[in-house]
Amino acid sequence: MQRSFLIKPILDEVYPVIDYGKGVYLVDLAGQKYLDAASGAVTANIGHGVSDIIEAMNEQAKKVSFVYRSQFTSEPAENLAKKIANLTPGDLNWSFFVNSGSEATETAMKIAIQYWQEKGIHTKVKVLSRWVSYHGITLGALSMSGHTGRRARFVPLLEDFPVINPPYCYRCPYQLEAPACQYACAHELEAAIRRIGADQIAAFIAEPVIGAAGGAISPPKDYLKVIQKICEDHDILFIADEVMTGFGRTGTMLACEHWEVIPDIVTLGKGMGAGYAPIAAAVASERVMEPILAGSKLVMSGHTLSANPQSCAIALAVLEYLEKYKIISQVEAKGDFLRQRLEKLQNQFSFIGDIRGKGLLLGIEFVVDRTSKTPFPRKAVVTQKLVDLAKEKGLIVYPAGSGIDGVNGDAIIIAPPLTITEKELDELVGLLHETFTAFQNALGETAGVF
Ligand code: PMP
């Protein structure tokens, strides 16, 4: 058998072969149309087949597709870095371009460690993170990820970085509510720092809205501010992993902006190339770059294809497209519209436990019983069942949470292209309704046990 197995190599299951994409739709070789309510993996943020991007791609290919980054830079790379610096808050001025989100977070980790080393401090090498988090699949990124499922096979090879509880308010381990809780989970960071010693810790990394592992878990109001203050008080850098949330997904260029927090380093990916190019970035502030520029002047990271002009030109075109059509400023209203429609579905289907998220990054968590929040048994693989049922109906949703691992329940993410229209949002909700009806019928047939 000759097959690509970038995707799950389940040999008895043949995945549809996608022929083309247009706007929010994908069409496979058999002619089946899918509404892409997940933007792939929260990546195709401006939809498929956008001619502005295709033109920019062609123009750059005609000029130059690749320059060796150790000896040259290119106009697209420099212009992209400038644009990112201008569109992000504070002085996040230094973009280090790579090819995937995992490389971006791993680069951020290396920059953080190097920051302390350039200042003559060599013990600060640990990066603290949270359970129910995902920062990438490379070993450094996995070491920082609180995603037990994806870590499992590699634990002996991973750094034993400490992890704290996430702000998973739906299932608060303290059984408290924000703000009365005084952000007890954020204060776990302080306790961990005291236990381990700030002199051992380079940085704390967190996704502002938890994506793959949690299903769009958005933090309560002052959580990130408390986190940032703790980092400042203990001389620890704060890395915001915005690989999923950056580039406008939640209604602002960076999700951190909602909570008025400016990280020391931010990682971008996914929506950056919007699926048209493999490109990601670790973006560092002036403060972080200062000792590096005064010291070795060389960030010890990078890959052959880092900052290649083709990818940078595409990311630049994506940003220009977002600006030209004022897309980011419409995200919150579209997100509110979608959330209201999802809440209506919640009234109809008792297995919808929680609806959460920010902007057009929304999550739905499923439970056996809404009052007790009892999760479905793991063996029922509910997330996968819902993803499969949706696909049968012509709808693509993103499996998150314990469907893979992480939260106690099952969760999916609904994150359509930011360009989706109201009519298409209606269609999305209609297909979701059909999916949930089919799921309810399946539940009935199995008396809820599968
Ligand atoms: N960080 C976050 C927040 C992510 O969501 C992901 C991908 N799901 C990554 C890092 C890793 O990105 P990639 O798959 O491009 O390596």
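The values are calculated or read from the model by the stated rules, or taken from the named source; none is laboratory data. Since we're looking at a predicted model, the values are computed, not measured. Methodologically, a virtual Cβ is constructed for each residue, glycine included, from the backbone with ideal geometry; neighbour enumeration extends over all protein chains shown.
A few comments on the model shown:
- Any hit, region 124-141, residues being more than 21 Å from residue 98 (Cβ to Cβ) and surrounded by fewer than 17 Cβ atoms within 10 Å (Cβ to Cβ): no
- Residue match in region 229-250 (condition: surrounded by fewer than 24 Cβ atoms within 10 Å (Cβ to Cβ), touching a residue at least 60 places away in the same chain (Cβ under 8 Å) and more than 27 Å from residue 188 (Cβ to Cβ)): no
- Any hit, region 64-76, residues being within 21 Å of the chain's Cα centre (by Cα) and of a type in the set (Val, Ile, Thr): no
- Considering 235, 160, 241, the condition of being over 18 Å from the mean Cα position of the chain (by Cα), among the acidic types (Asp, Glu) and at pLDDT 95 or above is satisfied by 235 alone.
- Region 12-26 - residue that is among the aromatic types (Phe, Trp, Tyr) and part of a strand (DSSP E or B) and, of those, farthest from the chain's Cα centre (by Cα): 20
- Region 109-154: number of residues that are away from the ligand (no atom under 12 Å from the Cβ) and more than 22 Å from residue 186 (Cα to Cα): 19
- Qualifying residue in region 182-192 (condition: assigned to a loop (DSSP other than H, G, I, E, B) and either within 16 Å of the ligand (Cβ to nearest atom) or at pLDDT 95 or above (or both)): yes
- Residue pairs whose Cβ atoms lie under 7 Å apart, separated by 6 or more positions or on different chains, with the first residue in region 31-42 and among the basic types (Lys, Arg) and the second part of a strand (DSSP E or B), are 33/25; 33/27.
- Checked against the criterion of being touching a residue at least 24 places away in the same chain (Cβ under 8 Å), aromatic (Phe, Trp, Tyr), closer than 21 Å to residue 232 by Cβ and surrounded by 12 or more Cβ atoms within 10 Å (Cβ to Cβ), the candidates 168, 183 yield just one match: 183.
- Among residues of region 401-430, those that are assigned to a loop (DSSP other than H, G, I, E, B) and either modelled with pLDDT of 95 or more or small (Gly, Ala, Ser) (or both), counted: 11
- Leading residue by the ranking (nearest to the chain's Cα centre (by Cα)) among those in region 205-226 that are within 16 Å of the ligand (Cβ to nearest atom) and not in a loop (DSSP other than H, G, I, E, B): 210
- Unmet requirement for residue 205, which otherwise passes all of (1) at pLDDT 95 or above; (2) out of contact with any strand residue (DSSP E or B) (no Cβ under 6 Å at 6 or more places or on another chain): (2)
- Among the residues of region 71-108, those that are within 16 Å of the ligand (Cβ to nearest atom) and β-branched (Val, Ile, Thr) comprise 98, 105, 107.
- Test: residue 202 is part of a helix (DSSP H, G or I), in contact (Cβ under 8 Å) with a residue 12 or more places away in the chain and among the small types (Gly, Ala, Ser): no
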